[in-house]
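Colleague: Dropping a structure here in C-alpha cells format, bear with me for questions.
The values are calculated or read from the model by the stated rules, or taken from the named source; none is laboratory data. Because the structure is a prediction, the values reported are computed rather than measured. Backbone-built Cβ (ideal geometry, glycine too); neighbour counts: all protein chains shown. Accessible surface is based on the protein model in full, side chains and every heavy atom, while ligands, DNA and RNA are left aside. Shrake-Rupley method; radii C 1.70, N 1.55, O 1.52, S 1.80 Å.
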Amino acid sequence: MKPLSRPTSLALVAAGLLVIGGCANSEPGTTNPGSAGSNGTGTAGNGSTGSAGSMGAGGTSAAGTGGSTSATGTGGSTSTGTAGNGSIGTGGSSATGTAGNGSTGTGGSSSTGTGGSSATGTAGNGSTGTAGRGGATGSAGRGGMTGTAGTTGMAGRGGTTGAAGRGGTTGTAGTTGTGGGSSPTGTGGAMTTTTPLDCGPNGYVVENHGPPANRVNYIILGDGFTTADNAAGGVFEKDIANSMLRRFSQNAFPYNRYRNFVNICGIKLVSTGAICASSTLGCCGDDSSRLANCNMTSVNAAYNALPKTLTIDWRAVMLNGSSWWNSGGTTMLYSGGNTDAPGAALHEGGHGFHQLADEYGTCTGGSCGTNTNGSGSTGTAYQEVNSCGNPKTTDGKWDLWIGYNATGATGVQSTFDGSRYVAVGAGQYRPSANSMMNSLFCGGNQANCTANTAYNQVSREQMVMSIWKRIHPIDSTEPAAGAVTSPGVLKVNVIDATVINVDWTVDSNPPMVNGGVTFDTSSLAAGSHTIKATAYDNAADDLVRYKTSTCPSSVTGSYCHRTAWKNSTQTVTWTFTK
Amino acid sequence: MTPRRWLFAVAGAAAVALVALLALRRPAEEAAASAPADQPAAPVAAERRLPPVPRTPPAPETKPYKEEVVTSDGVPIAPPRGEVVGQAHPHPITPQHERIYGENRFVGGIEGAMEVKDAKGMRHLLEQYRREYPEDDQQLQDGYAVIADCIEHPGAGPRAAAERWLDAHNGSTAKRYVLRYCIEPQQQ
C-alpha cells in the first residue's frame with residue numbers, strides 16, 4: 001500500500017516555522033563589559049573560574065557586575081541588570097532583568113524576566129518568567145521555576161555555558177557542559193552538566209536532559225524514510241517535531257513538567273523503499289483494524305545495535321505514512337504523517353508505556369455515558385488503573401480523585417459509565433467524560449485540541465509513577481556522599497530543581513525544608529556532623545494523591561505502578577568532623 | 001389420529017425443537033461475542049488460550065479493503081485516511097488489540113512484582129506470559145527470568161547470566177532492571 005502525500009502536516013510545520021521566524025530578534029540585548037569570573041559570595045554560578053564553553057564565556061557575578069562579552073563567546077550575567085550579549089555566541093543570564101540575546105547563538109536566561117530569543121539559536125530559560133521563542137532555525141526555550149514553556153520548542157538542552165535554553169530542531173545541543181544561573185542572593189546557581197547524548201551513528205538527538213542511566217530514554221525508530229527524508233529538516237525530523245509540539249503542550253501534561261526526565265532519540269534508519277513495500281523494518285498496517293505492524297526481528301535488531309550507553313525504556317517505531325495505523329504495545333507503532341499523529345503517539349504511549357486502557361465501550365467521548373457519581377451496576381475489577389468495575393469504590397483506583405475538577409483539562413473526575421470496551425450500563429467506568437485515552441482528536445489542527453482531550457487525573461498520576469519506576473531524583477552529589485573531609489559546600493545534582501525539592505537536616509535538628517541544592521557547612525560549629533539531603537518530587541495533590549506506594553487491593557496480584565512512588569524520594573548522607 | 005393431524009403434530013414438534021435449539025445457542029454466541037470485554041485482569045487473563053503468533057508478522061492484507069466506519073453504537077471509528085472531525089473511536093477492538101493489551105498487562109504485572117521484589121510472583125506471571133506469547137517479540141521474557149533469579153539468589157551465577165543476557169539484548173526495555181537487580185548491587 002502506498003503512503004499518501006501529507007500536505008496538511010507539512011503545512012502545519014511550515015506554519016510553525018513562520019511563527020518562530022516572526023519572533024526572531026524581537027529583543028535586542030545590550031553589551032555590558034565587565035569582569036569575567038564568578039563571584040565568591042556564594043557558590044559559583046557559571047563556571048568555577050568564570051569561563052566555560054568551547055568559545056570562551058563571560059563569567060557570572062552575584063553582586064551585579066555585568067559579565068563580559070566575547071565576540072565569539074558567551075555573554076555574561078548579572079544579578080540585577082541586563083545580561084550581556086554575545087554577538088555570535090550565547091546570550092547571558094540575568095537575575096532580575098531581561099536576558100540577553102545571541103544574534104546567532106543562544107538566548108540567555110533570566111530568573112525573573114523573559115528568556116531571550118535568538119535568530120538562529122535557542123531561546124533561554126526564564127526562571128520565573130516566560131521562555132522566549134527560538135529563532136528561525138532554532139526552537140523555543142523552556143520556562144523556568146514558575147514560567148511557561150515556549151510553545152514551539154523541543155530538542156536537547158543547548159548552550160556551552162550559561163543557563164542555556166534547549167537545543168533547537170536544527171540547533172545543536174551543548175557540547176561542553178551547561179552552566180547554571182546565579183541567584184540574586186548569591187547562593188549559587190544550579191550547575192548541571194549535560195553531557196552529549198549518544199543516540200548512535202544514525203541517531204538524532206531530539207531531547208537531551210542528562211545521563212541515560214538516570215533518565216527515561218525514549219527511542220523512536222523511523223521506517224520507510226529514504227536518505228532524502230532523513231536529511232536535516234526533512235520529513236523524519238518534521239514528523240518528530242510535529243509530535244513533540246503536542247507532547248510538550250499543556251494538553252499532554254505532565255510530560256511538560258517532567259520534560260527534563262526523558263531523553264528522546266530519533267533513529268534515522270534509511271529505507272530504500274516505502275512502508276508496505278521494501279522498508280527496513282518491514283512495517284505496514286491494516287485499514288480494518290487500524291493496527292500498524294512491523295517485522296519485530298528487524299525492530300529488535302535495530303534496537304540491539306544502538307550504543308550500549310543507552311538504556312532503552314520506551315520503544316516506538318514511526319512509520320513514514322499518513323494512514324491511521326497505530327499500535328499500543330511495548331514497542332508502540334504510529335504513522336508519523338497522519339494529521340493526528342501527535343495524538344496517536346500519546347494515546348498509544350498510554351497503552352504501551354503506561355499500561356492504560358481505552359476509556360470507551362460502545363460509546364465514546366463526553367457526550368455519552370453519563371456521570372454516575374458513584375452509583376451503577378458493578379462489574380469486574382481489571383488490572384488497568386483507569387477503568388473500574390465498582391463505581392462506589394472505584395476498586396481503590398481513583399477514590400481520592402472523585403469530585404476533583406481538572407479545570408482546563410478533563411473536568412470533573414468521577415465515574416462515567418462505559419469504559420474498556422464494556423457497554424454503558426454493563427459495569428465498567430472511566431474517570432472522566434473524555435480524555436486522551438478516549439476520543440483524542442483535534443480536528444486536524446493540534447492548536448485546536450479541546451481541553452478534554454488531555455489525560456485525566458488518573459492517567460496523569462500513572463504517568464508520573466511510570467517515570468519514577470525507572471529513575472531517581474539525584475544524579476550525583478558533590479562531594480560523594482559518605483565520610484568526607486572539610487567539605488565546604490555540599491551539593492546534590494537533581495534531575496530538575498523545579499520539580500525536585502531538597503530538604504537538609506543537620507545532625508538532629510529539624511530539617512530545612514526546600515533548602516535548595518547546596519548547603520554551606522562553613523557556619524557549622526566545630527565538632528562531628530551528619531548532614532542529610534532528602535530530594536523528593538514536589539508534586540502537589542493536584543497531580544499525585546496516592547503516595548503510600550501500595551497498590552489497590554482490588555487489583556489482581558496487587559501489582560501496579562503506584563509502588564514506584566517510593567523511588568521519588570532519595571536521601572544521601574555526609575559525615576565529617578570540623 | 002388422522003394423517004393430516006399427524007402431520008401437524010410432527011411439524012409442531014419440529015418447530016418447538018428448532019426454537020429450543022436457537023434459544024440454547026444464543027447465550028453461547030453472546031458469551032463468545034462479549035468475551036473480550038469480559039477478560040479479567042492480567043494474571044487471570046493469562047489463562048486465555050490464544051494461538052501463538054508467528055515470529056514474523058503476516059504479509060500485508062491484499063484483499064480489497066472494506067472499511068468499518070461505524071460501530072454498533074453509531075460512533076464512527078477514526079477513518080484510516082484523512083482527518084477526524086468530532087468524536088470518534090480511535091480504533092475498533094479486535095482480537096489483535098486484545099492480544100496486544102493482554103501482553104501489556106503481563107509486562108505491567110511482572111514489573112509490578114519486580115518492584116516489590118516478589119520473585120515468586122514474577123515467575124508465576126512469566127510462566128503464563130511465555131505460554132501465551134512464545135514469540136517474545138519484545139525480547140523481555142528471558143530478561144525477567146534473569147531478574148527473578150537475581151532477586152531470589154543474588155550472587156555470581158545470576159550475575160554472569162545477566163551479563164550474557166545483556167550482551168544479546170541491548171535494546172530490551174528490561175535492560176534497566178537487569179542492571180538494577182543483577183549488576184549494580186554488586187558494584188556497591
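Colleague: Which residues, counting only those in segment A:449-466, are open to solvent by 10 Å² or more (accessible area, probe 1.4 Å) and either more than 26 Å from B:I93 (Cβ to Cβ) or without any contact (Cβ under 8 Å) to a residue 24 or more places away in the chain (or both)?
Modeller: Answer for segment A:449-466, where residues must be open to solvent by 10 Å² or more (accessible area, probe 1.4 Å) and either more than 26 Å from B:I93 (Cβ to Cβ) or without any contact (Cβ under 8 Å) to a residue 24 or more places away in the chain (or both): A:T450, A:A451.
Colleague: Give, as residue ranges, the strands (runs of 3 or more DSSP E) completely inside segment A:274-335 that count at least 1 residues that are within 9 Å of another protein chain (Cβ to nearest Cβ) and closer than 16 Å to B:Q139 by Cβ.
Modeller: Because the criterion is at least 1 residues that are within 9 Å of another protein chain (Cβ to nearest Cβ) and closer than 16 Å to B:Q139 by Cβ, the strands (runs of 3 or more DSSP E) in segment A:274-335 that meet it are A:314-319, A:331-335.
Colleague: Further question: Which residues, taken from segment A:200-227, are more than 24 Å from A:H354 (Cβ to Cβ) and in contact with a helix residue (DSSP H, G or I) (Cβ under 8 Å, 6 or more places away or on another chain)?
Modeller: Selection gives A:Y204, A:F225.
Colleague: Mind listing whichever residues of segment A:341-364 are of a type outside the set (D, E) and part of a loop (DSSP other than H, G, I, E, B)?
Modeller: A:F353, A:H354, A:Q355, A:L356, A:A357, A:Y360, A:G361, A:T362, A:C363, A:T364, listed by residue number.
Colleague: Could you grab me the full set of residues in segment A:393-408 that are without any contact (Cβ under 8 Å) to a residue 24 or more places away in the chain and in a strand (DSSP E or B)? First the steps, then the outcome.
Modeller: Let us first name the residues in segment A:393-408 that are without any contact (Cβ under 8 Å) to a residue 24 or more places away in the chain, namely A:399, A:403, A:405, A:407.
Within segment A:393-408, just A:N405 meets the criteria.
Colleague: Say we look at segment A:346-373 and pick out the residues that are within 7 Å of chain B (Cβ to nearest Cβ) and β-branched (V, I, T); which of these is most open to solvent (accessible area, probe 1.4 Å)?
Modeller: Top of the filtered list is A:T362.
Colleague: Moving on to the next point. Which of the residues belonging to segment A:536-568 are within 19 Å of the chain's Cα centre (by Cα) and either more than 14 Å from every other protein chain (Cβ to nearest Cβ) or hydroxyl-bearing (S, T, Y) (or both)?
Modeller: A:Y536, A:D537, A:N538, A:A539, A:A540, A:D542, A:L543, A:V544, A:S568, listed by residue number.
Colleague: Looking at (1) surrounded by fewer than 24 Cβ atoms within 10 Å (Cβ to Cβ); (2) within 11 Å of another protein chain (Cβ to nearest Cβ), which one does A:N438 not meet, given that it meets all the others?
Modeller: Failed condition: (1).
Colleague: For a quick check of your reading: which helices (runs of 4 or more DSSP H) sit entirely within segment B:72-188 and have at least 1 residues that are farther than 25 Å from A:Y334 by Cβ and open to solvent by 40 Å² or more (accessible area, probe 1.4 Å)?
Modeller: Result: B:119-132, B:141-152, B:156-168.
Colleague: Kindly establish whether A:G376 is more than 14 Å from chain B (Cβ to nearest Cβ) and either surrounded by fewer than 23 Cβ atoms within 10 Å (Cβ to Cβ) or closer than 21 Å to B:P92 by Cβ (or both).
Modeller: So A:G376 passes the test.
Colleague: Consider only pairs whose beta carbons are under 8 Å apart and that are at least six residues apart or on different chains; among these, list those whose first residue lies in segment B:76-103 and is more than 7 Å from every other protein chain (Cβ to nearest Cβ) and whose second residue is part of a helix (DSSP H, G or I).
Modeller: These pairs meet every condition: B:P95/B:P36; B:E98/B:P36; B:G102/B:A42; B:G102/B:A45; B:G102/B:E132.
Colleague: Please verify whether segment A:337-345 includes one or more residues that are facing chain B (nearest Cβ under 7 Å), in contact with a Ser or Thr (Cβ under 6 Å, 6 or more places away or on another chain), open to solvent by less than 10 Å² (accessible area, probe 1.4 Å) and modelled with pLDDT under 95.
Modeller: No, because not a single residue in segment A:337-345 is facing chain B (nearest Cβ under 7 Å), in contact with a Ser or Thr (Cβ under 6 Å, 6 or more places away or on another chain), open to solvent by less than 10 Å² (accessible area, probe 1.4 Å) and modelled with pLDDT under 95.
Colleague: Given the criterion within 12 Å of another protein chain (Cβ to nearest Cβ) and open to solvent by 10 Å² or more (accessible area, probe 1.4 Å), identify the matching residue among A:Q428, A:Q446.
Modeller: Residue meeting the stated conditions: A:Q446.
Colleague: Of the residues A:I495, A:I500, only one is free of Cβ contacts under 8 Å to residues at least 40 places away in the same chain, touching an Asp or Glu at 6+ places or on another chain (Cβ under 7 Å) and surrounded by 15 or more Cβ atoms within 10 Å (Cβ to Cβ); which?
Modeller: Every option except A:I500 fails the conditions.
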